[in-house]
1. Above 24 angstrom, tally the Cα pairs of segment 1-110 and express them as a % of all pairs, no decimals.
2. Go ahead and run the numbers for FRET between L18 and V55, Cβ-Cβ distance against an R0 of 22 Å, rounding to 0.05.
3. Which value, in Å² rounded to 10, gives the accessible area of Y57 with a 1.4 Å probe and all protein chains present?
4. Label-point separation (nm) for R64 and S104, each offset 7 Å from Cα along Cα-to-Cβ?
5. Report the full-extension gain for the segment S179 to H30: residue separation times 0.36 nm, less the Cα-Cα distance, to one decimal in nm.
6. Counting only residues 5 or more places away or on other chains, whose amide H sits under 5 Å from the amide H of I45 once H atoms are built in the peptide plane?
7. How big is the dipole moment of segment 1-114 about its Cα centre under a simple scheme where the beta carbon of each Lys and Arg is +1, that of each Asp and Glu is -1, and everything else is neutral? Debye, nearest 20, please.
Amino acid sequence: MADATDAVRRLWGLCSILRDEGVTYLMATHDPLVVAGLLKSEVRILERGSDNKVVAYEPWEDPRGMGVGALLTSDVYGLRSQLDLETLRKLDRKRELAAADDLSEEELEELSQLNAELASLAMLTEDRDPDFQEYLRARSEVEEEEEEGERVFLSREEIAEQRERSIEIMEQLLSDSQSHENRGDSSG
């Protein structure tokens, strides 16, 4: 690990020297530790479109300071999650069950088992925030319609659409919550 850390540190140093000298250079990497030290103006994301043409984009945010987890799920790498696929599937199923209104005995048992498995992985540190529960319920309905649960990589456009859907869901939930508060209805 020390060798990799030293190599990354040397690359960052070289990038700084070249940047200060006004030199343009090209470096291709899949290593998020290398990318994490760069500004968005220093990064280009190459993506092949449906027409088979390659297009270069600048990331939406600076990778520097983002952290590897956030970088992996940003438009730079486009992962839906930083989790392994098996854990992600369990988390998706847990959310699906948790958002359901009526569960059978088998589904309740499955939910309990998933909660226990995910808790042992430190995945269930969330509190019982009713707004978050409503968001999960609404998000589950949207994903059910679109069936993107098996996807691992998302395109830049899909990431943007996902963010927009999340904002729309939250705005709707906040609007509904404010309407209930204004009417004095605390039943949700």
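The values are calculated or read from the model by the stated rules, or taken from the named source; none is laboratory data. This structure is a prediction, so every number in the text was calculated from the model and none was measured. Cβ: placed from backbone, ideal geometry, glycine included. Neighbour counts: every protein chain shown. Note: accessible area is taken over every heavy atom of the protein model, side chains too, but ligands, DNA and RNA are not part of it. Shrake-Rupley method; radii C 1.70, N 1.55, O 1.52, S 1.80 Å.
1. Value for segment 1-110 (Cα pairs over 24 Å): 46 percent.
2. Calculated value: 0.30.
3. Solvent-accessible area, nearest 10 Å²: 60 Å².
4. According to this spin-label approximation, the distance is 5.6 nm.
5. Using 0.36 nm per residue and subtracting the Cα-Cα distance, I get 48.9 nm.
6. Y57, E58
7. In debye, rounded to 20, segment 1-114 gives about 760.
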